[in-house]
Structures are given as structure tokens and as C-alpha cells.
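Single-structure report; data block below.
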């Protein structure tokens, strides 16, 4: 049981390049999330998917797109990377239910945009 | 929307001393509260959570937190810290009355606990 996995672990991009961050969970969770973590800013929600086939914007969605490929996988795409997108990106998942469930986080992707 | 304030960005403490990390949230509506820990170069993992019931919640690694509705606080405490407790700690809150299937916690900015020998 690997939990939440993310690839790649590290990435360096030049301004204007595109890339996709991959996330997968093996806990049969319905909900998945993408956050970015910046120093002194905590975690900010980029996009989330409450269930397979649905996605919604979070607090900071500009410059990103997401795809909920199936129940297991939720990818984050940067179409034209900017230096302001240098950050650590975390994927998380949780069960959907009447009571909020614990979020399980992946190890993160460290992205540097030059 | 909820907001979360972690009053200290950094808390230095000596090993075996007690520690309290403070967290306040914005609204007095029914809430769920969480503390997560992030060790260096890792993802976040849950320390403890309050959903309902007893206001004193015990978590892993000897941590506990107390929910105070009147003060809208959820402070994290440990009576005796170890070097291995050095990490970033995040408080999070979600609205328990939210409709729909997804309750998404809002995170504070984090408190860096630094334990000195």
C-alpha cells in the first residue's frame, strides 16, 4: 500500500515550458487535491476533485489545469511555466463522506522555474 | 470561508521542555480541526483531529490539543519534546456545516518547531 505517490520528485523548467505533475493514490479515495507550499504561506489549494469526473478551482488556480483521469489519478498541468510557479507541490486524497476525513499527502514535487 | 492564524512562525525550545503551538480560527460555526506535521523534505501527516465530543484530543507522538469554542482556538501541546519533534506544524480547519461531498480544510501558515539539545 503506497498511499499517495507523486512524480517527478524534482523538476527544473525554463519560463514558458510546460509540464504535468502526476499523482496517484491506492486507497480508493474519492476526493483528491493539489496544493502548493511556499515559504511563510502555508498550503494553498490549487484545484480539487470531489469525485471522479469532477474538478473545481481552489484558492490559486490561475496558470494551472487539472485532469481527474480516473479514481486513482489526478494530474496537474502547467501550460506555460512562470517563475512565480516555483514552489513545492503536494497532492492529497481523502475519503468523501458526511464527516470530513483525514487528508493523506504525497511526498511532494519540488519545481524550479528559471 | 474559514481562516486560520498560527500566531508563531517559529518556536525554539530545549529538549525535554514543554511546548505549546497556538492556532486560532476565524469563525465560531461548527468546525472540524486538525494538526498536521511535516518533517523535512516530506509530505504532511496527521497528528490529531477534532470532529466532535471531548474537547481534549490526543494524537500521535505524545501530542494533544484542546478545542476552545469560545476562544476559537485549537492549541497544540506536548509536555516534553524530543529532538525528533523538530518539524513544521500546520493547523487546519474546515466548516462542518458545508454542503456537498467535499469538506476542504484551510491551512494556517505553519509553525516551525525547533528543538535544541
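Figures for the structure shown
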{"quantity": "Residue within region B:63-78 that is within 30 Å of residue A:5 (Cα to Cα), within 14 Å of chain A (Cβ to nearest Cβ) and surrounded by fewer than 19 Cβ atoms within 10 Å (Cβ to Cβ) present", "calculated": "no"}
{"quantity": "Tally of residues being buried (at least 18 other Cβ atoms within 10 Å of the Cβ) and either over 26 Å from residue A:94 (Cβ atoms) or modelled with pLDDT of 95 or more (or both) across region B:1-10", "calculated": "1"}
{"quantity": "Residue within region A:58-80 that is under 26 Å from residue B:94 (Cβ atoms) and in contact with a helix residue (DSSP H, G or I) (Cβ under 7 Å, 6 or more places away or on another chain) present", "calculated": "yes"}
{"quantity": "Filter result (under 28 Å from residue A:106 (Cβ atoms) and crowded, with 16+ Cβ neighbours inside 10 Å) within region B:23-44", "calculated": "B:23, B:25, B:31, B:32, B:33, B:34, B:35, B:36, B:37, B:38, B:43, B:44"}
{"quantity": "Qualifying residue in region B:30-40 (condition: touching a helix residue (DSSP H, G or I) at 6+ places or on another chain (Cβ under 7 Å), within 30 Å of residue A:5 (Cα to Cα) and either within 14 Å of chain A (Cβ to nearest Cβ) or assigned to a strand (DSSP E or B) (or both))", "calculated": "no"}
{"quantity": "Test set (1) buried (at least 19 other Cβ atoms within 10 Å of the Cβ); (2) under 27 Å from residue B:112 (Cβ atoms) - residue A:78 fails condition number", "calculated": "(2)"}
{"quantity": "Test set (1) in contact with a strand residue (DSSP E or B) (Cβ under 6 Å, 6 or more places away or on another chain); (2) free of Cβ contacts under 8 Å to residues at least 40 places away in the same chain; (3) within 25 Å of residue A:14 (Cα to Cα) - residue A:77 fails condition number", "calculated": "(2)"}
{"quantity": "Residue in region B:87-107 that is surrounded by 19 or more Cβ atoms within 10 Å (Cβ to Cβ), over 16 Å from the mean Cα position of the chain (by Cα), touching a residue at least 40 places away in the same chain (Cβ under 8 Å) and over 27 Å from residue A:30 (Cα atoms) present", "calculated": "no"}
{"quantity": "Exclusive hit being more than 11 Å from every other protein chain (Cβ to nearest Cβ), in contact (Cβ under 8 Å) with a residue 60 or more places away in the chain and out of contact with any helix residue (DSSP H, G or I) (no Cβ under 7 Å at 6 or more places or on another chain), set B:114, B:60", "calculated": "B:114"}
{"quantity": "Every residue from region A:33-65 that is away from chain B (no Cβ under 14 Å) and not in a loop (DSSP other than H, G, I, E, B)", "calculated": "A:64, A:65"}
{"quantity": "Boolean, residue A:72 is within 30 Å of residue B:51 (Cβ to Cβ), away from chain B (no Cβ under 13 Å) and either surrounded by 14 or more Cβ atoms within 10 Å (Cβ to Cβ) or at pLDDT below 95 (or both)", "calculated": "yes"}
{"quantity": "Meets criteria (without any contact (Cβ under 8 Å) to a residue 40 or more places away in the chain and in contact with a helix residue (DSSP H, G or I) (Cβ under 9 Å, 6 or more places away or on another chain)) for residue B:46", "calculated": "yes"}
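Here's the yes/no breakdown for (1) without any contact (Cβ under 8 Å) to a residue 60 or more places away in the chain; (2) within 14 Å of residue B:107 (Cα to Cα); (3) surrounded by 19 or more Cβ atoms within 10 Å (Cβ to Cβ):
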| position | (1), (2), (3) |
| --- | --- |
| A:38 | yes, yes, no |
| A:44 | yes, yes, no |
| A:66 | yes, no, yes |
| A:83 | no, no, no |
| A:94 | no, no, yes |
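The values are calculated or read from the model by the stated rules, or taken from the named source; none is laboratory data. Remember, it's a predicted structure, so these values are computed and weren't measured experimentally. Here Cβ is always computed from backbone atoms with ideal geometry, including for glycine, and neighbour counts include all displayed protein chains.
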